[in-house]
Amino acid sequence: MKQYGVLIVGTGWVSGEHIRAFEMNPYSRVTAIMSRSQEKGYAKAVESGVPNAKIYTDYDEALRDEEVDIVCICTPNHMHAEQTIKAAEAGKHILIEKPVALTWEDTKRMKAAVDKANVKTLVGYVLHWNPLFLNAKAMQEEYIGKLYYAETDYFHRVTGNYPCYEWTCKKEVGGSSLLAGGCHAIDAMRFFMQDEVEEVVAYSSGCRTDLEFDGTLCALLKFKNGAVGKVGSSYDIISPYIFNVHLFGDKGSLLNNKLYSPGKISGQRDYMELPVETPDSGDVTHHPFPQEIDHFMDCIVNDKETSISLSSAMKTQEIVFAADRSAAIGKPVRLPLE
């Protein structure tokens, strides 16, 4: 059985979960770690149980390693574009942590490089494998029906207690409230709506002085099939972490882990609670990375397209950029972007 060698790029918070997940899969092993600091790279290798992994401080050199088949990009947001393009040109399969990039132009350059190289990609919208998402998706057709309205929210007050705080609060690195974290909510909206967005209107506000962008954004999405959606993203909120998934269809409704479908559940008088894990934490150890990596490796081994390829995730990115643009100019933005 072939084992695919994995290069982990970056030694931040999320990299440890990727290392753990790749090491759990029988088809992959972490053979190398890339860090700007040799000491940090080795410390991450030891901490994550791969002390024999090669440590690189030069990305180009790491890409020349013949034992590396897969590149897992876990670096700050502003580095994703160039690192993805170089990995594609080196013929490596690529896992890209969200967001894909900080500009629409960079996103298109990434896609061109990936298409030319014909490599597999997976963008890290890991919540697709959260039990609430999986169960809601499985029940959607029969118990919720065709959606006419949905709400998804990413409310996460990232402060100095979080390892990513120092860079995520900077506009040139974190990007915006949506790019830094709220893109998860945009992705969730697309995951359940399964339709194309034709127009976005958004407004932003903020109350924190340590963020270089407005910490709160509210976007309204108009879909081609007539459905509408509302997405909220806030780094300002003074609250525990909240990720809302509210779905309203012609057969029933879902409010996070509460289902109401009186046409299918005889005698139902109120919402019933689903006993499943929900995406209720911003801690990366809470997220289903092993399931995400299992999917990625299955697609590589069996030559299949991933469910969140770069091509697919571009649609999420396009909505994010449209929402940020709409908030900046105070007008609706039509899709596709120019």
Residue selected from the stretch 1-30 under the condition buried (at least 23 other Cβ atoms within 10 Å of the Cβ) and among the hydroxyl-bearing types (Ser, Thr, Tyr), by the criterion farthest from residue 94 (Cα to Cα): 11
Quick one: in the stretch 241-285, which of the residues that are part of a strand (DSSP E or B) and aromatic (Phe, Trp, Tyr) is farthest from residue 152 (Cα to Cα)? 260
Look through 195, 214, 236, 270 and report the one residue that is open to solvent by 30 Å² or more (accessible area, probe 1.4 Å) and either touching a Gly at 6+ places or on another chain (Cβ under 7 Å) or under 23 Å from residue 14 (Cα atoms) (or both). 214
Any idea which of 338, 318 is open to solvent by 20 Å² or more (accessible area, probe 1.4 Å), touching a residue at least 60 places away in the same chain (Cβ under 8 Å) and not aliphatic (A, V, I, L, M)? 318
How do the pairs read when you match residues in the stretch 131-144 that are part of a helix (DSSP H, G or I) with residues anywhere that are small (Gly, Ala, Ser) and open to solvent by less than 40 Å² (accessible area, probe 1.4 Å), using Cβ under 6 Å and keeping only pairs 6 or more apart or on different chains? 143/252; 143/261; 144/249; 144/252
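Looking at the stretch 197-215 only, could you name the residues that are out of contact with any Pro (no Cβ under 8 Å at 6 or more places or on another chain) and part of a strand (DSSP E or B)?
Hits for the stretch 197-215 are 197, 198, 202, 203, 204, 205.
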Out of (1) more than 22 Å from residue 330 (Cα to Cα); (2) open to solvent by less than 20 Å² (accessible area, probe 1.4 Å); (3) not small (Gly, Ala, Ser), the one residue 200 does not meet is (1)
Just need a number here: residues in the stretch 152-183 that are in contact (Cβ under 8 Å) with a residue 24 or more places away in the chain, surrounded by fewer than 18 Cβ atoms within 10 Å (Cβ to Cβ) and not in a loop (DSSP other than H, G, I, E, B). 1
Among the residues of the stretch 60-70, are any part of a strand (DSSP E or B) and either touching a Pro at 6+ places or on another chain (Cβ under 7 Å) or under 21 Å from residue 293 (Cβ atoms) (or both)? yes
Restricted to the stretch 28-43, and to residues that are in contact (Cβ under 8 Å) with a residue 24 or more places away in the chain and in contact with a strand residue (DSSP E or B) (Cβ under 6 Å, 6 or more places away or on another chain), which residue is farthest from residue 293 (Cα to Cα)? 41
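Looking at 243, 213, can you tell me which residue is over 28 Å from residue 276 (Cβ atoms) and aromatic (Phe, Trp, Tyr)? Before the answer, list the steps.
Details: 243 fails: over 28 Å from residue 276 (Cβ atoms).
Answer to the check: 213.
The values are calculated or read from the model by the stated rules, or taken from the named source; none is laboratory data. Computed from a prediction, not measured in an experiment: that's the story for all the values here. Heads up, the Cβs are rebuilt from the backbone with ideal geometry, glycines too, and the neighbour counts pull from every protein chain shown. For the accessible areas, the whole protein counts, side chains as well, though only heavy atoms, and no ligand, DNA or RNA atoms are used. Shrake-Rupley method; radii C 1.70, N 1.55, O 1.52, S 1.80 Å.
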